[in-house]
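> This is the structure, below, for whatever I ask next.
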Amino acid sequence: MSETISQSLMRLDAPDKIAGRAKYVADLKMKDCLFALTVRSPIAKGKILQVSLPAMPEGYQVVDHRDIPGENIVKIIYDDQVIFPVDEVKYIGQPILLVVGPDKRIVERLAKAIKIEFREEQPVFAWENSVIRYQFTKGEGDAPFASAANTISYTYTTGYQEQAYMEPQGFIGHYDRGKIVLVGSIQCPYYVKNALIRALACDPDKVRVIQAAVGGAFGGKEEYPSLIACELAVAINKIKKPIKLIFEREEDMLVTTKRHPAQIKLAAAIGADGAIRALRAHVGIDAGADIGLSGVVLSRAMIAATGAYTIDNLAVSGDVYLTNTVPTGAFRGFGAPQMLFAIEMFIEHIAKDLGRDPLAYRLDYLAKQHDKTSTSGVFRDPILMPEMVEKAMAMSGYAAKSERYPREAGYRGIGMSFFLHGCGFTGSGEAKTIKAKVKLEKDSEDLVHILIAAVDMGQGVHTAMRKLVASIMEIPIETVIYDYPDTDQVPDSGPTVASRTMMIVGGLVARAARALKESFIPGQHQVAEEQYVQPDYIKWDEDTMQGDAYPAYSWGVTVVEVAVDPHTYQVNLEHAWSVYDCGKAIDELMVLGQADGGLAQGIAYGCLEVMEHDQGKIRQKNLTDYIIPTASDVPAMTTMLIDNPYPLGPYGAKGVGELTLVGGAPAVAKAIEMAINKRITKIPATPEAIMELIKHG
Amino acid sequence: MVNHLLPETLEEALEALARKQHLLFAGGTDLMVQKRAWAGLPRNFEHPVLFTSRIAKLNFIEKRSDHLAVGATCSLEMMLEYPDTPDLFKTIIGEMASPGIRNHATLAGNIANASPAGDTLVGLYLYDATIVLKSLRGERLVPIADFITGVRKIDLAQDEMITEIRIPHQDFTHIDYVKVGPRKADAISKIAFAGAAKTNDLTVSDIRAAFGAVFKTVLRSPATEAMLKGMRIADIKADLASICEAYARLLQPIDDQRSNKEYRKAVAINLLARFIKSL
């Protein structure tokens, strides 16, 4: 079956989802359930002087920091995020307390009647308070700048992006004989569980976390759910009844994490021959009020500093800035989309400034197998980019169009991005932090249960894992069971993030499946377990950021063609073509689904999705004002997958989830740049921004 | 106790309105959003709701001798499918919201909502549509431009309801419409422009321009239109810059979470200029 692994199956979750039978968290009901509503900070920074409660009717309570049995910390990476504030608030929308009770009308009325007196302080919105600073160099670092014939510098800016998953954040939980059980819309059951253990100061077996059906997460349900899970668990611990905490869409958009806004300063030392002698990069990202995952986001951005190119001398630095704004966090791509936009535009801008043909100039720098990565690791596996670029150009007619459109000055443009994505956790995360464990259990009826914490959030992992196990064990897929993860049943195979699920977790599942197949005894209960072991040749030094940042890389080329309306400056997306190397598709249709969705999200990041804050308040708080593309906006897409099996991935699979997003923004920005013959250094390139460029350069 | 009503006849509805204030609810595609509440709770209607959907007499669209009459509960989709709906309105409705919304939404509701960005409003202003209002006291015919008095403000007494919209027949030789939305469907206009003209050979006998989302109501300039009527096309084109300037002085767009005033003004004028050049 290995030859046919890519052949598509009907998604096993599709019938329930299409028929409306799938139970999302808001659909779950429990007897005598109470409802929780969050009272939030209306100010960006200040001290809480006094909280005055109205008379609370029987059965209605507030839950705040005084009710936390353990530490008032949301366990993520740094201990800087509180569950409920004690006496100070750091951003508009920060949760202060919960109002809990049986009748939503009364809960709402009580929440409105709570008066909180603040002493406001001057909030910080400028990027000046750096809390994390990283740097690394490669080769001679930035020494070549001293002898450069020419220096070219540009600054690139990217905005917020909202995940806009289908259902807002939420949990329902209850108290079950000394144990707190939460069911939620989540990506990482064990992140939530570990956060609860710390907040409740309880034994691991006193909390249980179960995934509900998830209609998309895109990183937005990676670390954020830990906060509301802690709030809710504290409430359940106090009240000992079922409680539901579900956000409304506006609440969700105002207060949950988004993609980090970034400012990326790039400078190139150019030799007399026009070659890039060295690159200097500084990446600044806005963490909002809490660090959260920002350090890891920053390192992924910095490591992507040279994009799909090899540049020998490099000096990269970066800062995470705290501001009094809503915390930013994980979002498909995780720092890479910001950096890939910047570097893709920069190499093009260098070529243009030097009067060189941008495509030829870029092709000269494309990374090749055995080249050193930005962090002086090695690209060990074959890189098929020249072949992929050729295919993308042939499909899109790039050569002829890119010659013709600028000459015709008819407001048409075509742009091509080259990109890569490091698969799995950055650096030693997999080996040192995650240490993924998987388990396959065959029962006496020979049904094989996949016991992993990986979450199907619409990407199809339930189908793909079952297919993988069925294929390796040569058993019918109907005999492979994969339920929604429940921390009482499954080991910690790590979070469902970082394009790691198929490559890393799937790799372990495949090993377990082979072991189970070899030892198969019909009718007997059997277990196969595997744990992640870093390949010996992967070396990474956390402190110096040197070595192999990722075990493998997926690669891509995306071409986008646009027409810009000269009267309204609106961008019409004419067509998009992509070629991806994600090793081996475990299911072709599923990968194509990821490709369509990822590219739509990536292109929209580049030209459509505007989110800003005004004095710390998010201005686009619903899907009327925050513009994600509809089916009418998304261009026709032609996608080609190239096989390039990765030896350690199951059937050769590498990461796919994020790869398809990261090339969208630079491709569309380059296409717009060609159409209007101006330099684009900021995304999203909205009609308003395009008008400004046309009128004032 | 809130008493919601589902009258079957117009008389029943008017009697209820004469007794006390009601919130008139046609398709509800704006109201259900504006009055939204925490999931699971009823909508926040501050008055009893009078649902107009069962009043069969108002569910019509009809071509009459000098106008098209659209009943207050006629859905936009029905209007889109009606053969004698002017092309301009078909274009406007075809780009509006999404099919699901259009099957519920009504022209009357779009008028009563009185948003400066209301999609059908530029068309209704351009065509000099008339709103028919009824109450137990009788009937009033009010031009659209008088009926809408400001942002979300309309000239409707507590005991009145819109029963019909009359769109006069026009024989324009040129018609232009552009909705500048942030995306292609389910979008609120940043700017809307509609232009119409009637020309014969070299002169213009009628010319109109209506702008949406760049003023507190849809904007037309009767003075500028009157000045242009009867002029030679060539002279109008020669005068393009000063015509654009005259309109630019009238537009008062705002900065908001969807766009900015510089863009709104510049694009509105670009669209006007393109329309004039097309004559």
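The values are calculated or read from the model by the stated rules, or taken from the named source; none is laboratory data. Treat the numbers as computed from the prediction; the structure is a model and nothing was measured. Note: ideal-geometry Cβ built from the backbone for every residue, glycine included; neighbour counts use all protein chains shown. For accessibility, only protein heavy atoms count, side chains too; no ligands or nucleic acids. Shrake-Rupley method; radii C 1.70, N 1.55, O 1.52, S 1.80 Å.
> I'd like to check something: does region A:539-560 contain any residue that is open to solvent by 10 Å² or more (accessible area, probe 1.4 Å), at the interface with chain B (Cβ under 9 Å from one of its Cβ atoms) and in a loop (DSSP other than H, G, I, E, B)?
no
> Scan region A:112-151 for residues that are touching an Asp or Glu at 6+ places or on another chain (Cβ under 9 Å) and either at pLDDT below 95 or of a type in the set (G, A, S) (or both) and jot them down.
If the condition is that a residue be touching an Asp or Glu at 6+ places or on another chain (Cβ under 9 Å) and either at pLDDT below 95 or of a type in the set (G, A, S) (or both), then A:S130, A:G139, A:A149 are the ones that fit.
> Mind telling me which of the residues B:R64, B:R43, B:R36 ends up being in contact with a strand residue (DSSP E or B) (Cβ under 9 Å, 6 or more places away or on another chain) and within 14 Å of another protein chain (Cβ to nearest Cβ)?
Selected residue: B:R43, the only one of B:R64, B:R43, B:R36 that is in contact with a strand residue (DSSP E or B) (Cβ under 9 Å, 6 or more places away or on another chain) and within 14 Å of another protein chain (Cβ to nearest Cβ).
> Show me the strands (runs of 3 or more DSSP E) found entirely inside region A:33-81 where at least 3 residues are closer than 22 Å to A:K617 by Cβ and at pLDDT 95 or above.
Filter on region A:33-81 gives A:34-40, A:46-52.
> Which condition number in (1) within 14 Å of another protein chain (Cβ to nearest Cβ); (2) closer than 26 Å to B:K265 by Cα; (3) out of contact with any strand residue (DSSP E or B) (no Cβ under 7 Å at 6 or more places or on another chain) is the one that B:I101 fails?
In the conditions (1) within 14 Å of another protein chain (Cβ to nearest Cβ); (2) closer than 26 Å to B:K265 by Cα; (3) out of contact with any strand residue (DSSP E or B) (no Cβ under 7 Å at 6 or more places or on another chain), B:I101 misses (2) alone.
> Looking at region B:49-61, which of the residues that are touching a Leu at 6+ places or on another chain (Cβ under 7 Å) and open to solvent by 50 Å² or more (accessible area, probe 1.4 Å) is nearest to the other protein chains (Cβ to nearest Cβ)?
Checked region B:49-61; the qualifying residue nearest to the other protein chains (Cβ to nearest Cβ) is B:F51.
Yes or no, residue by residue, for (1) among the aliphatic types (A, V, I, L, M); (2) modelled with pLDDT under 95; (3) within 25 Å of A:E609 (Cβ to Cβ):
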residue: B:A213; (1), (2), (3): yes, no, yes
residue: B:T217; (1), (2), (3): no, no, no
residue: B:K229; (1), (2), (3): no, no, no
residue: B:E245; (1), (2), (3): no, no, no
residue: B:R249; (1), (2), (3): no, no, no
residue: B:K261; (1), (2), (3): no, no, yes
residue: B:V267; (1), (2), (3): yes, no, yes
residue: B:R274; (1), (2), (3): no, no, no
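> Let me ask another. Identify the residue in region A:17-26 that is without any contact (Cβ under 8 Å) to a residue 40 or more places away in the chain and assigned to a helix (DSSP H, G or I) and, among all such residues, is nearest to the other protein chains (Cβ to nearest Cβ).
A:I18
> Kindly indicate the residue of region A:246-263 that is farther than 13 Å from A:Y224 by Cβ and buried (at least 22 other Cβ atoms within 10 Å of the Cβ) and also nearest to the other protein chains (Cβ to nearest Cβ) among those meeting that condition.
The residue in question is A:I246.
> Then there is this: Taking A:V82 as meeting all but one of (1) more than 14 Å from chain B (Cβ to nearest Cβ); (2) open to solvent by less than 60 Å² (accessible area, probe 1.4 Å); (3) in contact (Cβ under 8 Å) with a residue 24 or more places away in the chain, write down the number of the exception.
(3)
> Continuing with the same structure: So in region A:638-697, with the set limited to residues that are under 24 Å from the mean Cα position of the chain (by Cα) and of a type in the set (K, R), which one is nearest to the other protein chains (Cβ to nearest Cβ)?
The qualifying residue nearest to the other protein chains (Cβ to nearest Cβ) is A:K682.
> Every residue in region A:253-291 that is on the phi > 0 side of the Ramachandran plot and in contact with an Asp or Glu (Cβ under 6 Å, 6 or more places away or on another chain), please. Even if it seems obvious, please write down each step before you answer.
At the first step, the residues of region A:253-291 found to be on the phi > 0 side of the Ramachandran plot are A:274, A:288.
Matches in region A:253-291: none.
> When the residues of region B:62-76 are narrowed to those that are buried (at least 19 other Cβ atoms within 10 Å of the Cβ) and among the aliphatic types (A, V, I, L, M), which ends up nearest to B:F25 (Cα to Cα)?
B:A72
> Does region B:173-190 hold any residues that are assigned to a loop (DSSP other than H, G, I, E, B) and open to solvent by less than 40 Å² (accessible area, probe 1.4 Å), and which are they?
Selection gives B:G181, B:P182, B:R183, B:A185, B:A187, B:S189, B:K190.
> Could you check B:S221 against (1) within 14 Å of another protein chain (Cβ to nearest Cβ); (2) among the hydroxyl-bearing types (S, T, Y); (3) open to solvent by less than 50 Å² (accessible area, probe 1.4 Å) and say which number it fails?
With (1) within 14 Å of another protein chain (Cβ to nearest Cβ); (2) among the hydroxyl-bearing types (S, T, Y); (3) open to solvent by less than 50 Å² (accessible area, probe 1.4 Å) applied to B:S221, the lone miss is (1).
Residues checked against (1) open to solvent by less than 80 Å² (accessible area, probe 1.4 Å); (2) among the aliphatic types (A, V, I, L, M); (3) in a loop (DSSP other than H, G, I, E, B); (4) in contact with a Phe, Trp or Tyr (Cβ under 7 Å, 6 or more places away or on another chain):
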{"residue": "B:A13", "(1), (2), (3), (4)": "yes, yes, no, no"}
{"residue": "B:L17", "(1), (2), (3), (4)": "yes, yes, no, no"}
{"residue": "B:A37", "(1), (2), (3), (4)": "yes, yes, yes, no"}
{"residue": "B:H47", "(1), (2), (3), (4)": "yes, no, yes, no"}
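> Oh, and also: Which residues, taken from region A:471-486, are in contact (Cβ under 8 Å) with a residue 12 or more places away in the chain and part of a helix (DSSP H, G or I)?
Scanning region A:471-486 gives A:S471, A:I472, A:M473, A:I477, A:T479.
> Taking into account only those residues within region A:591-620 that are within 14 Å of chain B (Cβ to nearest Cβ) and surrounded by fewer than 20 Cβ atoms within 10 Å (Cβ to Cβ), which is farthest from A:H462 (Cα to Cα)?
A:Q615
> Could you check region A:246-283 and list, in sequence order, the residues that are closer than 30 Å to A:R40 by Cα and part of a loop (DSSP other than H, G, I, E, B)?
Across region A:246-283, the qualifying residues are A:F247, A:E248, A:T256, A:T257, A:K258, A:R259, A:H260, A:P261.
> Report, ordered by the first and then the second residue, all pairs with beta carbons closer than 6 Å, sequence separation of six or more or different chains, a first member in region B:179-191 that is within 7 Å of chain A (Cβ to nearest Cβ), and a second member that is part of a strand (DSSP E or B).
Going by the 6 Å Cβ cut-off, the qualifying pairs are B:V180/B:I191.
Conditions tested, residue by residue: (1) in a helix (DSSP H, G or I); (2) surrounded by 17 or more Cβ atoms within 10 Å (Cβ to Cβ).
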| residue | (1), (2) |
| --- | --- |
| A:K401 | yes, yes |
| A:Y405 | yes, yes |
| A:H421 | no, yes |
| A:K439 | no, yes |
| A:D446 | no, no |
| A:I450 | no, yes |
| A:M457 | no, yes |
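> Considering region B:241-264 alone, what residues qualify as being more than 14 Å from chain A (Cβ to nearest Cβ), open to solvent by less than 60 Å² (accessible area, probe 1.4 Å) and among the hydrophobic types (A, V, I, L, M, F, W, C)?
B:I243, B:A246, B:A248, B:L251
> In region B:130-145, what residues are open to solvent by less than 20 Å² (accessible area, probe 1.4 Å) and over 9 Å from the mean Cα position of the chain (by Cα)?
B:I131, B:V132, B:L133, B:S135, B:V142 - these are the residues of region B:130-145 that are open to solvent by less than 20 Å² (accessible area, probe 1.4 Å) and over 9 Å from the mean Cα position of the chain (by Cα).
> Quick check on my filter: what residues within region B:265-279 are more than 9 Å from chain A (Cβ to nearest Cβ) and either part of a helix (DSSP H, G or I) or touching a Lys or Arg at 6+ places or on another chain (Cβ under 9 Å) (or both)?
Across region B:265-279, the qualifying residues are B:K265, B:A268, B:I269, B:L272, B:F275, B:I276, B:K277, B:L279.
> Give the number of residues within region A:284-317 that are in contact with a Lys or Arg (Cβ under 8 Å, 6 or more places away or on another chain) and either closer than 27 Å to A:P225 by Cβ or part of a helix (DSSP H, G or I) (or both).
2
> Ok, one more. Would a scan of region A:508-517 turn up a residue that is crowded, with 17+ Cβ neighbours inside 10 Å and touching a Pro at 6+ places or on another chain (Cβ under 8 Å)?
Yes, there is a match, as at least one residue in region A:508-517 is crowded, with 17+ Cβ neighbours inside 10 Å and touching a Pro at 6+ places or on another chain (Cβ under 8 Å).
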